[in-house]
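Since the structure comes first, as structure tokens, the remarks are kept for the end.
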Amino acid sequence: MLTQPIANDTAMDIFTGLDPKAVALLFDVDGTLIDIGPSPFEVEVTDELKASLVRLYELTEGALALVSGRPIVDLDMLFAPLKLPMIGGHGAEMRLQDGAVFHSAGNLPDRMRGILADLATPESGIVAENKGYSVALHYRKAPKEAERIRKHIAAVRAAYPEEATELLLGKAMFEVKRPGVDKGYSVRELMKHPPFAGRVPVFIGDDVTDESVFKVLPDLGGKSFSVRRHFPGLVGIFDSADQVRSALKLLASGRQAQPA
């Protein structure tokens with residue numbers, strides 16, 4: 001049985017009261033650190049957010065990572081000039097402090113990816129995100145296209161029975177990816193490496209694509225927060241990505257949230 005969501009002021013109090021020297025900070029990106037845009041390519045990463053991340057990276061002695069569905073190359077462009085530790089592609093790739101990127105999923109065939117992306121014509125409102133090891137079809141601008149996209153994906157997967165794939169659902173998004181790759185597994189691996197090892201992992205996410213992390217955090221002795229949605233095992237729920245950014249700024253400054 002699910003417990004009731006914890007009040008937002010409690011989430012702010014708990015998060016801003018963390019000891020950066022004892023924790024590893026892990027953040028989903030879209031819908032958590034930044035606001036969801038009309039498409040994956042129409043979003044904003046503010047200088048203020050980057051400054052908070054830089055300061056928290058220093059305070060945690062490098063134990064800060066982005067955990068996103070986006071590829072690492074796209075995250076680097078969004079957060080430039082920062083080069084943070086990252087888990088990209090829902091766990092398909094990981095970068096540690098030394099800058100080396102590990103890939104744990106092979107690419108889908110070029111032809112299969114091309115057919116999946118064919119649905120994203122200029123007039124459709126559908127946006128295709130070709131990551132190599134997966135293809136995401138976003139329909140934020142065309143919500144009525146959801147069922148057509150689902151049927152298209154089913155047909156393409158049926159046409160390639162020899163290719164092991166699974167369907168990942170997100171906010172106005174379907175993604176065809178390799179099975180056995182998820183954020184939770186990669187977070188487990190990340191926490192084995194310095195400077196993350198031996199720290200308490202603290203994760204903030206917002207979507208069903210983050211559920212695998214929420215599930216593994218208790219085993220790692222960690223704390224999980226979400227944005228707007230309730231999941232089992234959370235210690236707090238933030239109102240919005242803007243509130244998360246405020247919490248990061250407060251923690252980076254060494255000040256706690258003040259009571260309303």
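The values are calculated or read from the model by the stated rules, or taken from the named source; none is laboratory data. In this text, all values refer to a predicted model and were calculated from it rather than measured experimentally. Quick reminder, even Gly has a Cβ in these numbers, built from the backbone with ideal geometry, and neighbours come from all protein chains shown.
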Is there a residue in the range 126-135 that is touching a Ser or Thr at 6+ places or on another chain (Cβ under 6 Å) and of a type in the set (A, V, I, L, M)?
yes
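Rundown of residues vs (1) β-branched (V, I, T); (2) more than 21 Å from R229 (Cβ to Cβ); (3) buried (at least 17 other Cβ atoms within 10 Å of the Cβ); (4) out of contact with any His (no Cβ under 7 Å at 6 or more places or on another chain), yes/no style:
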site	(1), (2), (3), (4)
G31	no, no, yes, yes
E44	no, yes, no, yes
L75	no, yes, yes, yes
D98	no, yes, no, yes
Would you tally the residues in the range 38-56 being free of Cβ contacts under 8 Å to residues at least 40 places away in the same chain and more than 13 Å from L78 (Cα to Cα)?
1
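Where in the range 200-242 are there strands (runs of 3 or more DSSP E), lying fully within it, with 3 or more residues that are farther than 11 Å from T32 by Cβ and at pLDDT 95 or above?
Values: elements: 200-205, 223-227, 236-238.
Correct list: 200-205.
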In the set V187, V200, V213, V208, the lone residue that is of a type in the set (V, I, T), under 17 Å from E61 (Cα atoms) and outside the structural domain of G132 (by TED's automatic domain parsing) is V200
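Just a yes or no: is a residue in the range 100-114 more than 23 Å from the chain's Cα centre (by Cα) and either assigned to a loop (DSSP other than H, G, I, E, B) or touching a residue at least 12 places away in the same chain (Cβ under 8 Å) (or both)? Break it down stepwise before answering.
From the range 100-114, those more than 23 Å from the chain's Cα centre (by Cα) are 109-112, 114; that's our starting set.
Imposing the further condition that a residue be either assigned to a loop (DSSP other than H, G, I, E, B) or touching a residue at least 12 places away in the same chain (Cβ under 8 Å) (or both) reduces the set to 109, 112.
The answer is yes, given that some residue of the range 100-114 is more than 23 Å from the chain's Cα centre (by Cα) and either assigned to a loop (DSSP other than H, G, I, E, B) or touching a residue at least 12 places away in the same chain (Cβ under 8 Å) (or both).
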For the range 139-154, check the following and say yes or no: at least one residue is touching a residue at least 60 places away in the same chain (Cβ under 8 Å), closer than 16 Å to D28 by Cβ and buried (at least 17 other Cβ atoms within 10 Å of the Cβ).
no
Of the residues in the range 115-143, those that are within 25 Å of the chain's Cα centre (by Cα) and not in a loop (DSSP other than H, G, I, E, B) come to L116, A117, V127, A128, E129, N130, S134, V135, A136, L137, H138, P143
Hits in the range 118-163 (condition: over 17 Å from R178 (Cα atoms) and hydroxyl-bearing (S, T, Y)):
T121, S124, Y139
